[in-house]
Structures are given as structure tokens and as C-alpha cells.
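Input: a single structure, listed below in C-alpha cells.
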Amino acid sequence: MGEVFVHRNIANIAPNNDFNFITVINYALTHLEVKHVIVCGHYHCGGINAAMEHKDLGFLNPWLRNIRDIYRLHSEELDAIQNVVQRNNRLVEINVVEQCVNIAKTVDFQKAYKTREVYLHGWVFDLKTGKLIDMKIDTDLIMNKIERIYRMD
């Protein structure tokens, strides 16, 4: 109790094909039985900013494609934001929410959700002000939305 188990990567991505991430989620939920899973992004994220540049970043290209896919899904909202910094910061917020959804899609989260109390939290840290912004993730709502398509029995 009172301990933190942390997994970090570029742009806080929780992809279904990253075995490091899947292993961490499995260990945290199945063996440590964590109750609160937190995705914490931060404004002015270098990974988000890099994904929005039109540059060949070599080995990073497939990783950052996850961010570009999220941009594509939310392009109408994001394209309406003229200021690049504000647009990228909004993408940070959206990414946090989408990664919470990705975690909910995992078998380990679904099993934990069915058998005990477990919650998703999405936060964004503002490096300039020191404030932590709660994205107000509703775990039950996410689980209800994804259940029909992503449910694993």
C-alpha cells in the first residue's frame, strides 16, 4: 500500500502490440492487483510535438504513428485550433484519454474490472504551472462503450 509502479515511454502510448507495455499492465493488474491505473501526459510533450512534424524520424516513425492516428480521429477539433502549441497541448489531453481507452481494451484490465474495483485515471501535468489536470475519465462509461467490440471473456 502506498507504492507506485511506473511504466514510461515516448508520448505515453499504450499500444496493443507493445509487449513491454502488455507485460507491465499484466503484472500491475494481475500480480500486484493495483486499483488505480493512471495515464499521465504533460503539456509541451516532445513525443507529441515530434509526431506532428512532417519529418522522417526513422525508428520512431511507427511508434509515433499511434499519435498521428489519434490526430486523424480528432482532426476536425484539432484543425480548428490555429495556435500550434495550443493544438499540440490539446492533442496531449486527447492522447491521455485515448490511452486510457487502450488500457481498457486489454484482457488484464477487463478481467480485473469484472472481479474487483479498478479504475482508470487520465491526468495531464502542466510543466509551467505545476498543476495536474484531471481529464475526468469515467471507467464505467469507457467499459460500456468498448464492451461490445473489445470484450474478452
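Out of 120, 127, 60, one residue alone is touching a Cys at 6+ places or on another chain (Cβ under 8 Å) and of a type outside the set (Asp, Glu). It is 120.
All conditions in (1) surrounded by 14 or more Cβ atoms within 10 Å (Cβ to Cβ); (2) of a type in the set (Ser, Thr, Tyr); (3) over 21 Å from residue 27 (Cβ atoms) hold for residue 106, with the sole exception of (3). For the range 6-22, a residue qualifies if it is without any contact (Cβ under 8 Å) to a residue 60 or more places away in the chain and either in contact with a His (Cβ under 6 Å, 6 or more places away or on another chain) or surrounded by 12 or more Cβ atoms within 10 Å (Cβ to Cβ) (or both), and the qualifying residues are 7, 9, 10, 18, 21. If I filter the range 26-46 down to residues being in a helix (DSSP H, G or I) and touching a Phe, Trp or Tyr at 6+ places or on another chain (Cβ under 7 Å), which single residue comes out as surrounded by the most Cβ atoms within 10 Å (Cβ to Cβ)? Checking each candidate, the answer is 29. In the set (1) more than 21 Å from residue 146 (Cα to Cα); (2) under 11 Å from the mean Cα position of the chain (by Cα); (3) of a type outside the set (Gly, Ala, Ser), the condition left unmet by residue 103 is number (1).
Among the residues of the range 69-128, those identified as touching a strand residue (DSSP E or B) at 6+ places or on another chain (Cβ under 7 Å) and among the small types (Gly, Ala, Ser) are 104, 122. Screening the range 109-153 for residues that are assigned to a helix (DSSP H, G or I) and β-branched (Val, Ile, Thr) and picking the one that is surrounded by the fewest Cβ atoms within 10 Å (Cβ to Cβ) gives 149.
Between 72, 90, 65, the distinction of being in a helix (DSSP H, G or I), closer than 22 Å to residue 120 by Cα and of a type in the set (Lys, Arg) belongs to 90 only. What about residue 64, is it over 23 Å from residue 128 (Cβ atoms), crowded, with 17+ Cβ neighbours inside 10 Å and in contact with a helix residue (DSSP H, G or I) (Cβ under 8 Å, 6 or more places away or on another chain)? In short, yes. Against the list (1) crowded, with 16+ Cβ neighbours inside 10 Å; (2) in a helix (DSSP H, G or I); (3) touching a residue at least 24 places away in the same chain (Cβ under 8 Å); (4) not aromatic (Phe, Trp, Tyr), the condition residue 78 fails is (3).
Every number here is computed from the coordinates shown, using simple stated rules; none is lab data. Since we're looking at a predicted model, the values are computed, not measured. All Cβ positions, even for glycine, are placed from backbone atoms using ideal geometry, and neighbour counts span all protein chains on display.
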